[in-house]
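Below you'll find the structure, written out as structure tokens, and then a few comments.
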Amino acid sequence: MRVISVMNQKGGCGKTTTAINLSACLATSGRRVLLVDIDPQAHATLGLNASKQKPEVDLRTAMLKANEEPIRLQRLKVAVQANLDMIPSSLSLAALEQELSNAEQRESRLRMLLAQGGDSYDYVLIDCPPNLGILTINALTSSAEVLIPVETSMFSLHGLRRLFQVIELVQERAQVRPMIHILLTIYNPRTRLAREILCELQERFKDRLLRTKIRQNIHLKEAASYGLPVVLFEKNCLGCWDYQSLAQEILAMEQQVLATEKKHEPRAVTLPPLEQQGPAQGDQKEIHFQMVAPHARTVYLVGEFNRWQIDQSAVLERDEQGVWKKSLRLPPGTYQYKFFVDGQWVVDPHNPFQIVTETGVVNSLVKVR
């Protein structure tokens, strides 16, 4: 699962247009995509004609309750096209900033939600509000990548520098290191200013500037007015061709992103069994798990043995020394698993055996003989 936030605090830069059309083009390429609209203006929701669809739980309620009870993404999303689901927004999200002002883990609520079923998608795109508040911070702490649309104006360059400062601040506080991509939008190569802005971006952000440029095209606005992505509205236009090109460029990075994650995470070379304790009952053996987390509020043990469900049955018990423990009886086989500690995924620090999945996720591994 690749989580990409589309953000820029400056309005009118094509942020929501990019979130909508990149999501749709990735979906038409065969990838399973979830678009999360965390902008209270709900422009992405309107742009995909999803405002009339009502999920079982709205995003504001889910983020308020995220650290109290696990809420599956299935209850938040609506289907908008083949391979593309959406978590719609509403004006009620505007109150969330104040409601979370003194809440614990207020900057990790979205990440907690994405942990509840986000791995069923290949891509999760987050359309952020045009400001640098708590909703944008939630998006940053949830994302491995950030896509910044930049229009060809000097104000955009100034806003870009400020956005980098915010990203650096979040990196220090939340210990996240997102990969940053810069996308030139509303580009008119016939104007001198557009060419000058392009040259400056190439000079300052050469390694982060995407090759694709989104050219100025009226069909993008027309498609949004009909509640459709341009790939379903008019395939033979500059807007469609450019966003298809962007999708292909993002898809081509899959191996690069995987390699980057592998570089920073250990990978198991052999798969020997974890020590097994306790008597066998029939074909099952008792396996003991523990996590030292004296300051944690909740610790879950989730994995293939419980279909990665974070529910009450997965809660560990805490002893007086702050060690969380749980025993499971498992039939012979190999199981991937992780701990979910106060809304964050943690590999088992007592188990050196790990595996990297095809999407680059590192899980702990236990083999029961």
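Tabulated results
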item	result
Residue pairs meeting the criteria (Cβ under 6 Å; at least 6 apart or on separate chains; first more than 17 Å from Phe233 (Cα to Cα), in segment 12-27; second modelled with pLDDT of 95 or more)	Lys15/Val6
Selected residue (criterion: nearest to Asp342 (Cα to Cα)) from residues of segment 78-130 that are modelled with pLDDT of 90 or more, part of a loop (DSSP other than H, G, I, E, B) and of a type in the set (Ser, Thr, Tyr)	Tyr121
Qualifying residue in segment 90-110 (condition: in the same structural domain as Met253 (by TED's automatic domain parsing), within 28 Å of Glu249 (Cα to Cα), in contact (Cβ under 8 Å) with a residue 40 or more places away in the chain and among the acidic types (Asp, Glu))	no
Residues within segment 18-44 that are of a type in the set (S, T, N, Q) and at pLDDT below 95, tallied	3
Filtered residue count, segment 191-232, keeping only those that are out of contact with any strand residue (DSSP E or B) (no Cβ under 9 Å at 6 or more places or on another chain) and among the aromatic types (Phe, Trp, Tyr)	1
Cβ pairs under 8 Å, 6+ apart, first in segment 123-142 and more than 17 Å from Leu73 (Cβ to Cβ), second hydrophobic (A, V, I, L, M, F, W, C) and part of a strand (DSSP E or B)	Cys128/Val6; Leu140/Val146
Options Leu258, Leu365; residue that is among the hydrophobic types (A, V, I, L, M, F, W, C) and either modelled with pLDDT of 85 or more or out of contact with any Gly (no Cβ under 9 Å at 6 or more places or on another chain) (or both)	Leu365
Single condition Ala293 does not satisfy, out of (1) touching a strand residue (DSSP E or B) at 6+ places or on another chain (Cβ under 9 Å); (2) crowded, with 17+ Cβ neighbours inside 10 Å; (3) modelled with pLDDT of 90 or more	(3)
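The values are calculated or read from the model by the stated rules, or taken from the named source; none is laboratory data. Everything quoted here is computed from the prediction, not taken from an experiment. As a convention, Cβ positions derive from the backbone with ideal geometry for all residues, glycine included, and neighbour counts pool all protein chains shown.
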